[in-house]
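Asker: Please read through the structure below; I'll follow up with questions.
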Amino acid sequence: MVLEESERELIEECRRGAPEAFRALFERYKDLVYSVAFRYSGEQSAAEDIAQETFLKALVGIRAFRGESGLKTWLYRLTVNSCLDQKRRRNRLTPLVDEALSILRAPDLTAFDDLLRAELSTRVRAVVATLHDEHRMLIVLRYTENLSYDEIAAVLGCSTGTVASRLSRVHKVLARRLARIAGGKGPSHD
């Protein structure tokens, strides 16, 4: 991966300790980091903590950044690690707030349709929240951040085939759990 000239210059300025360079890095990537953190944690305060931890890791680790991946990919990886670190510290599942079904919203829906869709959305989010950390992160990176399999592989440090295989397993687990909900059995922890 070849870094863009502006990205390379930004990294070099950060390595020299230029505060305005790190501020530029922060401004460029703060929304991306916060978005992943929020969609993973489902809580504003947790997402803010994760984002802060991620940028502290970036500040400390920028000197060791070798440029083998893009800066954005490196920050995704730091964010993923911060999310998992936060999860381990809190040692509990947190809901993953994901409004994936809002895309399906039609302009002529009745109030009853809205209520049914909201209930389904809540159930889907509850099922996604029961996934293992790594599986939930795959869902966030693929469907919330819209990363390609190659990009996810770079972020997670694995092969594209591994990403495809893991997503396939996650899709099967989600299908089983959602089928149980549709049948009235409630979420399960496969």
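The values are calculated or read from the model by the stated rules, or taken from the named source; none is laboratory data. Since the model is a prediction, treat every value here as computed from it, not as a measurement. A quick note on method: Cβ atoms are made from the backbone with ideal geometry, for glycine too, and the neighbour counts reach across all protein chains shown.
Asker: Return the pairs, sorted by first residue and then second, in which the second residue is of a type in the set (A, V, I, L, M), the first residue lies in region 50-77 and is outside any helix (DSSP H, G or I), the beta carbons are less than 6 Å apart, and the residues are 6+ apart or on different chains.
Answerer: Partner pairs satisfying both residue conditions: Gly67/Leu3; Ser69/Met1; Ser69/Ala154; Gly70/Met1.
Asker: Considering only residues that are part of a loop (DSSP other than H, G, I, E, B) and modelled with pLDDT of 90 or more, which ones fall in region 158-190?
Answerer: Here is the first cut: in region 158-190, the residues part of a loop (DSSP other than H, G, I, E, B) are 158-159, 183-190.
Passing the criteria: Cys158, Ser159.
Asker: Among the residues of region 139-153, which ones are modelled with pLDDT under 90 and either within 10 Å of the chain's Cα centre (by Cα) or of a type in the set (A, V, I, L, M) (or both)?
Answerer: Answer for region 139-153, where residues must be modelled with pLDDT under 90 and either within 10 Å of the chain's Cα centre (by Cα) or of a type in the set (A, V, I, L, M) (or both): Ile139, Val140, Leu141, Arg142, Tyr143, Thr144, Glu145, Asn146, Leu147.
Asker: Restricting the search to region 18-71, which residues are among the hydroxyl-bearing types (Ser, Thr, Tyr) and within 30 Å of Val127 (Cα to Cα)?
Answerer: Residues of region 18-71 among the hydroxyl-bearing types (Ser, Thr, Tyr): 29, 34-35, 40-41, 45, 54, 69.
Listed by number, the residues that qualify are Tyr29, Tyr34, Ser35, Tyr40, Ser41, Ser45, Thr54.
Asker: Filtering region 5-40 down to residues that are of a type in the set (Ser, Thr, Tyr) and buried (at least 16 other Cβ atoms within 10 Å of the Cβ), which residue is nearest to the chain's Cα centre (by Cα)? First the steps, then the outcome.
Answerer: Narrowing region 5-40 to residues of a type in the set (Ser, Thr, Tyr): 6, 29, 34-35, 40.
Pick out the ones that are also buried (at least 16 other Cβ atoms within 10 Å of the Cβ) and you get 29, 34-35, 40.
Values: Tyr29: 14, Tyr34: 9, Ser35: 7, Tyr40: 5 Å.
Among residues in region 5-40 that are of a type in the set (Ser, Thr, Tyr) and buried (at least 16 other Cβ atoms within 10 Å of the Cβ), the one nearest to the chain's Cα centre (by Cα) is Tyr40.
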